[in-house]
1. When all C-alpha to C-alpha distances in the stretch 1-59 are sorted into bins of 10 Å, what percent of pairs does each bin hold, rounded to whole numbers?
2. So for L33, L43, L15, fewest C-beta neighbours within 10 Å to most, what's the order?
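Every read-out reported here was derived from the displayed coordinates using simple, explicitly stated rules and does not represent laboratory data. Just so we're clear, the structure is a prediction, and the values are computed from it rather than from any experiment. Counting neighbours? That spans all protein chains shown, and the Cβs are built from the backbone with ideal geometry, glycine included.
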Amino acid sequence: MTPSLLNNILHHPNLSSMDTSSLSAITLGGAPLVQSLVDRAKLLLPGVTVSQAYGCSEVAGVVSRVKADIDILSLGKPVLHTQVKVNGLFHWYELC
C-alpha cells in the first residue's frame with residue numbers, strides 16, 4: 001500500500017475498536033516514507049513490521065525491500081534473484 005493510505009488508516013476514528021491482531025506486516029511503496037508515519041504505525045499497531053519496497057511496472061514488481069525501522073531513507077537490498085545497477089548518480093546521493 002502507499003504511505004498515504006496507511007496514514008488514512010492510522011487516522012481512522014474507529015481504528016482503536018477494530019481487531020488488528022491478525023495483522024503482522026505492512027509493506028509500503030509508491031511514495032516516500034517518512035519517519036513520523038512509521039512511528040505512528042508502531043504506536044497504533046504494536047507488533048506490526050513496517051517495510052518499504054521499491055519497484056516499478058517495468059520490472060514486474062518489487063526489486064528491493066527494507067524494514068522501516070532499519071533505515072527509511074534506504075531502498076534496501078535487492079530481493080532474491082534480482083540484480084540492481086545504478087546509473088547516473090547525482091552528487092547528493094550516497095551509495096553504500
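1. 21, 56, 19, 4, 0
2. Lowest to highest Cβ neighbour count: L43, L15, L33.
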